[in-house]
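We did not get these values from a lab; they are worked out from the coordinates using the rules stated. None of the values given here were measured: they were computed from a predicted structure. Because the Cβ atoms are built from the backbone with ideal geometry, glycine has one as well, and the counts that use them run over all protein chains shown.
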Amino acid sequence: MLNQSQPKGFSIFFLTEMWERYGFYVLQSLLVFYATQKLNLDDSATYAMVGSFTALAYINSIFGGIIADKYFGYDKAILVGAATLCIGYLLLTLAVSVNIFVLGLATVTMGTGLLKPNISSMLSLLYKETPEKKEMGYTLFYVGIYFGAIGGSFLGGFIKTYLGWHAVFASAAIGLATAFITFKVGKAKFNLYDIREIRHSRIDNIKAFIAIFALIAIAFVGIYNDSIAEWLFVIIAILSAAFILSNIKIHTGVERKKLIAFAILVLFSILYWAVYFQQFFSVSLCTARVTHLTLPESSLTAFESLGVILFGPLVNMFWLFLQKRDNDFSIPAKFSLSFLFNGISFFILVLGLYYAQNHGVKLNQLFIIMSYLIIALGELFISPIGLAMVSTLVPQRLNGAMMGIFLMSIGFGGKLAGYLAQSAVYDSGNATLSTLQGVYRSSFETYAAFSFGIFILCIVAIKPIKKLIAGKNCD
């Protein structure tokens, strides 16, 4: 069914990425709960650790792409990534100490960095002869991503509740073993190889694996020690900024103006993801502590992924409607709407908590579900738009590097989310239901105000950014 009207082998990419996302969302949706309930970390340490993990999972995508380009090729990088992820989830399954658990997290960040960017890049090679099918192919591919995300978030909560932590992480390991076997068998059956000329000498393989082990070691230290993580991310941020600024300096005319617009939009992207990721930080703990639930607490995050699937076609229809009337929104205008929906999503939570606190009852889970659905709507106005803007705004020779910078912005947003979540840390000695609801309500008011404030800033910036994109001076 998946291969109908698509190149042979498409289903292999779909299923491999679906299982990769299943494993990742099992972990992402449950990590704050494992840290607080199993590792007995306080909220502050939990937010710092989850922030570092989230950031490194995206930042390592850059290094995974470099390793594929220089040593492995896409196909081998995908297989090594799946195997690395499987090992990471097995370490989480068998963890008997904090050190082993953190090593598992570090291994997962590297496996994600190897598999996720390279499977997307290799998929494009299938459409060399049929480029007209590429857009539909990627649309179906992203459906697979969100099916995996829904499965990981929703089923993961039930597996953890009824079978325990070992079982839920084991299910992620089984998912990645399935991904590995699927791609390995499909690669042979459909002749799926990287058609680029990449050397595969023994020395190159040794260099690649040394780099992988080194990056896992760095990730381990970064997740385990937040003060080192802060320095690590500062260095990466400085290098990224220097790369962008140096390219702005050496380019002229329209290219320079577009690069300036790109840099501004990357900064907005970081701020967006910092609020977006609260669903896996402060909102998750709010769900567990002050919400009346009929589902496992982590399973509610599946509604965000469900929202992307439900609203995605509607948003696409909206863009087509505007394009036919030659009235499409600009890139900064679309970005601004993502902040608006983020703000609305947290305003919904504030209203729900206000009612619950005043009536002495727990928060109704419907407020959490509505909030996640609105967050999903906002994501559609920045995530696909941001990926597309790279090829629109940067010179073709810089596409790969600047795509990496955009992915890094998601990672930096994840780390910043850990800092923002510190406002939801409470005094455990005074943890009545009403007090907790007040703490979370105050934090969510801050996130809503922050989002609405950036929304207004985006609106103000639309005109000058549009001029930069058009290659005009911002007078």
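Excluding residues fewer than 8 places away in the same chain, name every one of the lysines whose C-alpha is closer than 28 Å to that of LYS249. By straight Cα distance, LYS249 reaches LYS70, LYS257, LYS258, LYS334, LYS463, LYS466, LYS467, LYS472.
Other residues whose C-beta falls under 14 angstrom from the C-beta of PHE303 contribute a net charge of -3, scoring Lys and Arg +1 and Asp and Glu -1.
Derived from the Cα gyration tensor, the three semi-axes of the equivalent ellipsoid of segment 1-224 are 30, 21, 14 Å, largest first.
Give a quick list of trypsin sites (Lys or Arg not before Pro) in segment 86-180 that DSSP marks as loop, anything other than H, G, I, E or B, with at most 12 other Cβ atoms within 10 Å. Of the trypsin sites (Lys or Arg not before Pro), the ones in loops of segment 86-180 whose Cβ has at most 12 other Cβ atoms within 10 Å are LYS128. Quick check for you: which residues of segment 55-93 have the amide N under 18 Å from the point 7 Å beyond the Cα of SER201 toward its beta carbon? Of the residues in segment 55-93, 67-73 have backbone N under 18 Å from the label point off SER201. Length, then width, then depth: along the principal axes, the Cα atoms of segment 40-108 run 42, 23, 12 Å.
Across all Cα pairs in the chain, the calculated P(r) in 10 Å bins from zero up to the longest distance comes to 4, 20, 31, 28, 14, 3, 0 percent per bin. Remark: the THR294-ALA388 segment gains 29.9 nm on full extension, using 0.36 nm per residue and subtracting the alpha carbon distance. Across segment 226-475, Cα pairs under 8 Å and at least six residues apart give a relative contact order of 35 percent. With the simple model of a label 7 Å out from the Cα in the direction of the Cβ, LYS324 to VAL185 spans 4.4 nm. Pairs with C-alpha atoms separated by more than 27 Å, drawn from the list LYS160/LYS187; LYS134/LYS415; LYS116/LYS207; LYS134/LYS189; LYS8/LYS116; LYS116/LYS324, are LYS160/LYS187; LYS134/LYS415; LYS116/LYS324.
Here the Debye sum runs over all C-alpha atoms of segment 226-475 as equal scatterers in vacuum, and log10 of I(q)/I(0) at q = 0.11, 0.14, 0.17 Å⁻¹ comes out as -0.64, -0.97, -1.27. Measuring r between the beta carbons of LYS249 and VAL361 and using R0 = 51 Å, the FRET efficiency lands at 0.30.
Taking 0.36 nm per residue of separation and subtracting the current Cα-Cα distance, fully stretching the chain between LYS70 and ILE100 would add 7.7 nm. Fully extending the segment from PHE213 to SER442, taken as 0.36 nm per residue of separation minus the present Cα-Cα distance, adds 78.2 nm. Calculated FRET efficiency, LYS38 to LEU267, Cβ-Cβ distance, R0 = 45 Å: about 0.80 to the nearest 0.05. Across the alpha-carbon atoms of segment 93-159, the computed radius of gyration and Dmax are 16.7, 52 angstrom.
What number, in percent, do you get for the relative contact order of segment 1-224 if the mean sequence gap of Cα pairs under 8 Å and at least 6 apart is divided by its residue count? Result for segment 1-224 is 38 percent.
Taken along the Cα-to-beta-carbon direction at a fixed 7 Å, the label points for ASN316 and ALA241 span 3.9 nm.
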